[in-house]
1. For the chain, find the longest principal axis of its Cα atoms and tell me its angle to the long axis of helix 206-222, 0 to 90°, nearest 10.
2. If you restrict to DSSP beta bridges whose two residues both lie in the chain, what percentage is antiparallel, to the nearest 5?
3. If a/c stays under 1.5 just call it rounded; otherwise compare a/b with b/c (prolate if a/b is bigger, oblate if not). Do that for the chain, with a ≥ b ≥ c from the square roots of the Cα gyration tensor eigenvalues.
4. What list of ³J(HN,Hα) values in whole Hz, one per residue of the stretch 333-343 in order, does the Karplus curve 6.51 cos²θ - 1.76 cosθ + 1.60 (θ = phi - 60°) give from phi, with Gly and Pro shown as x?
5. Test of understanding: given the chain, find the longest segment containing no GluC sites (Glu not before Pro) that are in a DSSP loop and have at most 12 other Cβ atoms within 10 Å.
6. With Rg and the Kirkwood Rh both taken from Cα atoms, where does Rg over Rh land for the stretch 1-132?
7. For the chain, take the longest principal axis of its alpha carbons; what is the angle in degrees between that and the long axis of helix 350-371, to the nearest 10 within 0 to 90?
8. Anything over 28 Å Cα to Cα? Flag those among Lys36/Lys57; Lys424/Lys530; Lys57/Lys469; Lys424/Lys574; Lys11/Lys57, in the order listed.
Amino acid sequence: MNPRLPYLQQKTAALTLSPGVYIMKNAQGRIIYIGKAKSLRNRVTSYFRDHPDHTPKTAKMVSQVYDYDFIVTGSEYEALILECSLIKQHKPPYNILLKDDKGYHYIKISAPPYAKITAELHITEDGGTYLGPYMSGFTARQTVTAVNRIFRLPTCKKAFPESFRKQRPCLNYHIGQCMGVCRGDIPEDKYAEIIADAVRFVRNGGDRTVSELEQRMRDAAERLDFEEAARLRDRIQAIRKAGEKQDIMDAVRTDTDVIGTAEHNGTTVFSVLIYRGGRLCDQSSFSVSADALSEQPLDDFLTQYYSGKSGEDLPKVILLETMPAEPELLTALLTERAGRNVTIGQPQRGTRHRLVERARENAAEKLSISAGRTGKEVQALEELARVLGLEKPPVRIESYDISNLSSAAMVAGMVVFENGRPLKKAYRRFSIKESHGQDDYASMQEVIRRRLDEYFRCKDDLGEDGNPKNDFGVLPDLILLDGGKTHVGAIAPIIAASGLPIALFGMVKDEKHRTRAIATNGGEIAVREKQAAFHLLTRIQDEVHRYAITYMKTKHKKQSYSLTLTSVPGIGEKKAQKLLLTYKTRAQLRGATPEQLAKTAGVNMETAQQLYAVIQELPDA
């Protein structure tokens, strides 16, 4: 609680309802947060209520506020411009401060003969030709990959002509990704011509290169050099085919920025793919700290990122995966700065949608480096959150499945995925205690009630690291049931009654026992088109089914053994269970002598001898 709260509340009560900018300061007078408001009084009042519903980051910032200033503006648009300017000037710790990953990169064409094209970090005096600099290593690497594939250039470490005919061609030659220079049957002049075309492709893009090659193909045909015309035709087709699959050359006609995001444990990465003249010419990634306070992170990123650019550097089109909360304000700001129309769009299909997906993949890859996850794992959790309508990607996912053999051995399995990976030490098994027959819904209700009861029992028993000692004390962000909307409908009231903020969905299987969709309380959500999320869900559903059925089989075997042992006069259920706990495997049970059995079960030797004979007749596993 902030001891200055009464003073701040009294000051705020007299604030104007006009738009403006508010400037929060700590006890040392340092600016810690700057925000804009359509109504200063209403916005600032929300920070200093007696019983606010703040996020942890907002609560931390408010606890440090000693005083605040404000500047009244004529409109919300003016407040937006002033906010951008003040944030750039003061760099408050709770505002979004962009940290990029810039560095210089080059595309190198090694010295002839038989040059190779590679991506490099530095220029060296080695006789090669360097194109660049490129501000993005991503752009340089992607361009090199595309040009080597299109022109079937060698990417191996062999030096030519020294390595001619010394080894058989590698796999790339046999799958059509290399022309096989190592065979020694491509003349220097022909190879130099191919390299020249490849360099023109890098410098000019695919369309212009194709036009030049088409003219040369026609000239060759007129000279009746049909072999050369055929080679040029194949090269043209390769460029066009690659253009259908890659997003480097000629992906868009208009100067465009494509922005994708990825979020993990509060840290957000924005990736910007920059297309100019129809080509991907640059890429930037910006990391936003988990401590940054923002209710509209995308809006804040866009204003901060573009406020530092001149009008001529602004694109004509900005493509996003989701629209900002205030698109009209941002469009007006960018249009005025550029001196021409700037359009913000959210493509749903086609090439532009594919570009947004590519930007999102880049953001996930960048984030994965700092998060210690793979890019696919980060992307899967991001995608799952969007599909399910969650505010943020789930960190801890718990999944439950009921398994039984007739009405016997009714059990449940609980598996835990943390940050997209199985957390096997947190797996739990449940034996159904209440008598439900073969009622899966009642059994699942019992399991979830027991799970939530364990949470309330364990959540305050903390270790030295501040975390619950028992893993049951950790609250899941998402619960997935192995079942459809009826399962979800049976469990939803239990979650609601607990008052815990847990998202609940079901996993629906098709007739081949494969994940088909996600079940809600009122219907289903198709997930097959969302590949990353679909694969994660399939993995979770397969894992919880495996875990539950393995436990069911184990318990059923123990019950079968117990029934066999209790057929011996003098061996009741408790003595049978004691034997099974002492000798955990069939091999151990068979290896026990009559004397050992008598001591363990507490019976005389005659009973032990009968028991020994029955155990030897147990069937093999």
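Every number in this text was worked out from the coordinates using simple rules, so none of it is lab data. Because the structure is predicted, anything quoted here is derived from the model rather than measured. Cβ sites come from the backbone with ideal geometry, for glycine too, and all protein chains shown count toward neighbours.
1. 60
2. About 80 percent, rounded to the nearest 5.
3. Verdict is oblate for the chain.
4. 4, 6, 5, 5, 5, 7, x, 7, 5, 10, 10
5. Longest run free of exposed loop sites: 163-294.
6. 1.36
7. For helix 350-371, the angle is close to 60 degrees.
8. Long pairs (Cα-Cα over 28 Å): Lys424/Lys574.
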